[in-house]
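What follows draws every value from the coordinates through simple rules; no lab data is involved. All values derive from a computational prediction rather than experimental measurement. Quick reminder, even Gly has a Cβ in these numbers, built from the backbone with ideal geometry, and neighbours come from all protein chains shown.
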Amino acid sequence: MYLFIKSMALFWTLAEAAILVAVRWGYVLASGGEERARGITVAAVGTAFLGALLFLGEPLLGRFLDLDARLPRSLYRWGLWNFFCTVWVVLEGCIMIYVSRLGRLLRAAAPPPGKRNAFSSGSASLLLLPAALFLLYLCYQAGLFHAVDRHGLGVRSVTAVSLFYIRICGLFWILFEWVVAVEGIRAYRVLKRRGA
Amino acid sequence: MDLLDPAFLWIAARFTPEAYMVSTKVQGLVWSLADLLLVFVFLRIADTLREGQGAPPIRWRYALLAATALATPLLLFAASSRAILLLESLICGVQFLILVATLVLERARFLGLARRLGRRNDRG
C-alpha cells in the first residue's frame, strides 16, 4: 500500500507539473514572448528530485537516523507526505495564477478600467505564494516536532496532527481549483462570443 | 514554538479518525465538483477550437469525465481512509489524464490561440 501511495504521489506531481508547464507556456506566448524549454527543464529536474526523495529518501536517511522505531518512522513518513501535499498546493496555486493571467489577456480587448485580478499582479505572487505555503509547512512541522519533544506525543497524536495539516491543504485545493474553474467558464464565454 | 503547543495538543486530542473521515468526504466532494467543472469547461474550450477548424467534436473524453462524475458520490460511502484514497486516486487520476491528454492532443490549437492572443496584445 505504501508503494502505491508513493507511486500516486509521483503521478500527481508529474501531472500537475505538466499542466503548470503547459499553462505557463500558453501565458508566455499569449503575452508576446517565446518559451525556451526553461519551464520543461525546471519541471523535469524538480520532478526527478521529488521522485528520488520519495523512493530513496527513507533508505538514505535511515543510515543516519533510527527510522526503524515507530515514532521516528511515523514522523518521517507523515512529514514527507505533508511536504508533497504542500508541493501540490504550490503547483495548483501557480496554475491558478497563470490561468488568471491568461484569462485577463483573453479579455484584454475590453478590460474593465482599473480592475485587476489580485492574483495576477506581476511576478511577486509567483514568489510569495510558494514561499508562504512552504513557510506554513515548515512552521507546522517544526511545531509538531516541538510538541512531540516537549509533551511526549505518540504515533496516534502525530497521525492526527498530520492529517489535520492535509485538511488545511484541502482548503487551499478547494479555493485554487474553484478559481480555475470560474476562470475557465469566463474564458469559454469569451471564446464563444468572439469566435475562437 | 511553545505558543503553538496548545493548538497541537488540542488537534491531537480532538481531531479523531471520525472527524478526519467526515472532513475528508466533505472536502473531497467540494474539490471533486470543482475538478469536474474545470475539466468539463476545458473540454468545451477545446471543442470550440476544434469547431472553428472544422474538426469533429470530442467524444470519449466526455464519456470518461462522466464516468468520474458517477464515481464521485461513492466518496460518501467510503468506509475507511484507504478507500477514500483509492477512490480519489481513481477519480482524480482519470481527470488528470483527461487534462494532460487534451493538452497533448489539442496542443496545436491551444498554441495557435496563445500566439494569436500574443499578436493581438502586441498590436494593442
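Run down A:ARG77, A:ARG70, A:ARG63 and say which single residue is over 17 Å from the mean Cα position of the chain (by Cα), more than 13 Å from every other protein chain (Cβ to nearest Cβ), free of Cβ contacts under 8 Å to residues at least 12 places away in the same chain and surrounded by fewer than 20 Cβ atoms within 10 Å (Cβ to Cβ). If you could, list the steps in order and put the result at the bottom.
On the way: A:ARG77 fails: free of Cβ contacts under 8 Å to residues at least 12 places away in the same chain; A:ARG70 fails: free of Cβ contacts under 8 Å to residues at least 12 places away in the same chain.
It is A:ARG63.
Facing another protein chain (nearest Cβ under 7 Å) and surrounded by fewer than 19 Cβ atoms within 10 Å (Cβ to Cβ) - does that describe any residue in segment A:130-142?
Looking for residues that are facing another protein chain (nearest Cβ under 7 Å) and surrounded by fewer than 19 Cβ atoms within 10 Å (Cβ to Cβ), one finds at least one in segment A:130-142, hence yes.
Could you please give the count of residues in segment A:29-52 that are surrounded by fewer than 18 Cβ atoms within 10 Å (Cβ to Cβ) and of a type in the set (A, V, I, L, M, F, W, C)?
Within segment A:29-52, residues that are surrounded by fewer than 18 Cβ atoms within 10 Å (Cβ to Cβ) and of a type in the set (A, V, I, L, M, F, W, C) number 8.
Tell me the residue from B:LEU99, B:LEU86, B:LEU105, B:LEU90 that is away from chain A (no Cβ under 11 Å) and either surrounded by 16 or more Cβ atoms within 10 Å (Cβ to Cβ) or under 22 Å from the mean Cα position of the chain (by Cα) (or both), please.
Numbers: B:LEU99 fails: away from chain A (no Cβ under 11 Å); B:LEU86 fails: away from chain A (no Cβ under 11 Å); B:LEU90 fails: away from chain A (no Cβ under 11 Å).
Checking each option against the conditions leaves just B:LEU105.
Using the structure shown, decide if A:LEU50 is within 13 Å of chain B (Cβ to nearest Cβ) and either over 18 Å from A:ILE97 (Cβ atoms) or not hydroxyl-bearing (Ser, Thr, Tyr) (or both).
Spelling it out, it is not the case that A:LEU50 is within 13 Å of chain B (Cβ to nearest Cβ) and either over 18 Å from A:ILE97 (Cβ atoms) or not hydroxyl-bearing (Ser, Thr, Tyr) (or both).
May I ask you to list the residues in segment B:1-52 that are out of contact with any Lys or Arg (no Cβ under 9 Å at 6 or more places or on another chain), facing chain A (nearest Cβ under 7 Å) and charged (D, E, K, R)?
Residue satisfying the conditions is B:ASP35 alone.
Keeping to segment B:31-61, report how many residues are surrounded by fewer than 16 Cβ atoms within 10 Å (Cβ to Cβ) and part of a helix (DSSP H, G or I). Explain how you work it out, then say what you get.
Keep residues of segment B:31-61 that are surrounded by fewer than 16 Cβ atoms within 10 Å (Cβ to Cβ), which gives B:51-57, B:59-60.
Now narrow it down to the ones that are part of a helix (DSSP H, G or I): B:51-52, B:60.
Result for segment B:31-61: 3.
If you take the residues of segment A:143-157 that are touching a residue at least 12 places away in the same chain (Cβ under 8 Å) and at the interface with chain B (Cβ under 8 Å from one of its Cβ atoms), which of them is farthest from A:PHE83 (Cα to Cα)?
Among those residues, the one meeting the criterion is A:ALA147.
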